[in-house]
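Presented below is the structure to which this report refers.
The values are calculated or read from the model by the stated rules, or taken from the named source; none is laboratory data. Note that the structure is a prediction, hence the values are computed from the model and not measured. FYI the Cβ positions are ideal-geometry reconstructions off the backbone, even for glycines, and counts take in every protein chain you see. Calculation scope for accessible area: heavy atoms of the full protein, side chains included, ligands and nucleic acids excluded. Shrake-Rupley method; radii C 1.70, N 1.55, O 1.52, S 1.80 Å.
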Amino acid sequence: MIILPMPGSEWLDRIARDLHGAAGAVEVHRFPDREARVRITGAVGGEHAVLVACLDRPDDKVLPLLFAAETARDLGAASVGLVAPYLPYLRQDRPFQAGEGVSARLFTGLLSRAVDWLVTVDPHLHRISTLAELFSIPAEAVHAAPLLASWIHRHVEAPLILGPDAESVQWVASIARLVDAPHAIFGKRRSGDRRVEITLPDLAAYAGRRPVLADDIVSSGVTMAAAVRALRAAGWPAPLCLAVHAVFADGAHEALRDAGAAKVVTCNTIPHPSNAIDVQHLLADAVSRRLSRCHARELRA
Ligand code: R5P
């Protein structure tokens, strides 16, 4: 097995150490006109190649990734897998206006044609409920809720786990169960990329607990910031804000702190100063399971 991190994802070559595999690299040269040329370093021939790509801000990263997958095959890789700790484009899972492409299907279709299998962390699945409905290759989601719960368990006394919108209930409910704390979900109405209104449920029964907001993604940050402001306006102490994926558009982290968040904590699925929860072992275990299945198939053949 050889781990091949795309540029910007080099920290994840530690997966190779966990799995006693080799670590290579994918170099991406940009010509003056911004066209990309990829080069794989490391002995790929006959190996199970595992590309690793942090796919936030994906438009510039996806074509080099597709080129790298094809190059690994040209170099004789036995199989080509992908570890994408953050899987982008999933939030548009249906056309919102006539004529729109459904990014979730378009993007996962591209990946299904490029690689043999995929592992990701907490994909944003809402109206589509499983990765199997999107991918035609084996695609496994690993879950960060136990890691978020363990962080809360170590750092927060008497937490109240809060979700800023209905979509967050899947993460919030499992974190709350793991830390044995109550949870509640806010109402959200989004009227634009950066315009949301949040309504609080009745939280009176939980007075005295420490509010912890949890969500899968912070992107523009307006959802989490509006939730923080609503809590503060209702007289609650500054909440902790936890998220799996630190997408953070420009200025979003600062805006969240300005809104009154006590602390912002994320997983390192996307490198960011707020990263405090390491998902490397989760990913390494999933890769190990996937490669064991590849080996079992080879032995049977
Ligand atoms: C909603 O679908 C997600 O769970 C997040 O709440 C949302 O994507 C956050 O987006 P933003 O930070 O842009 O409000």
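Tabulated results
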quantity: Per-residue HN-Hα couplings for the range 24-37 [Karplus 6.51, -1.76, 1.60; θ = phi - 60°; Hz; x = Gly/Pro]; calculated: x, 7, 10, 9, 10, 8, 9, 6, x, 8, 6, 5, 9, 10
quantity: Cα-based helix-to-principal-axis angle, 222-233 vs the chain, degrees rounded to 10; calculated: 20 degrees
quantity: Student exercise, the chain dipole from Lys, Arg, Asp, Glu Cβ charges, in Debye to nearest 20; calculated: 360 debye
quantity: Within the range 2-79, GluC sites (Glu not before Pro) in DSSP loop having at most 11 other beta-carbon neighbours inside 10 Å; calculated: Glu35
quantity: Fraction of accessible area attributable to carbon and sulfur, the chain (%, probe 1.4 Å); calculated: 51 percent
quantity: List Thr130, Thr71, ordered by accessible area with a 1.4 Å probe, largest first; calculated: Thr130, Thr71
quantity: Average accessible surface area per residue within the chain, 1.4 Å rolling probe, Å²; calculated: 46 Å²
quantity: Among Arg290, Arg34, Arg189, residue whose mean-square fluctuation peaks in a GNM of the chain (springs only between Cα atoms under 10 Å); calculated: Arg34
quantity: Centroid-to-centroid separation of the range 238-301 and the range 137-151 [C-alpha atoms, Å]; calculated: 9 Å
quantity: Positive-end residue, the range 145-277 charge dipole about Cα centroid, Cβ charges, pick of Pro273, Ala214, Ala238; calculated: Ala238
quantity: Degrees between helix 145-155 axis and first principal axis of the chain (Cα, 0 to 90, nearest 10); calculated: 50 degrees
quantity: The range 24-135, relative contact order [Cα under 8 Å, separation at least 6], %; calculated: 23 percent
quantity: Contact order relative to length of the chain, as percent, for alpha carbon pairs under 8 angstrom and 6 or more apart; calculated: 13 percent
quantity: Charged-residue dipole, Cβ positions (Lys, Arg, Asp, Glu), the range 112-230 about Cα centre, Debye nearest 20; calculated: 380 debye
quantity: Residue-averaged [θ]222 nm for the chain, counting only DSSP H segments that reach four residues, each worth -39500 (n - 2.57); calculated: -10000 deg cm²/dmol
quantity: 5 angstrom amide H check on Asp165, placed H, neighbours 5+ away; calculated: Phe186
quantity: Nearest 10 degrees, 0 to 90: helix 169-179 Cα axis against the chain principal axis; calculated: 80 degrees
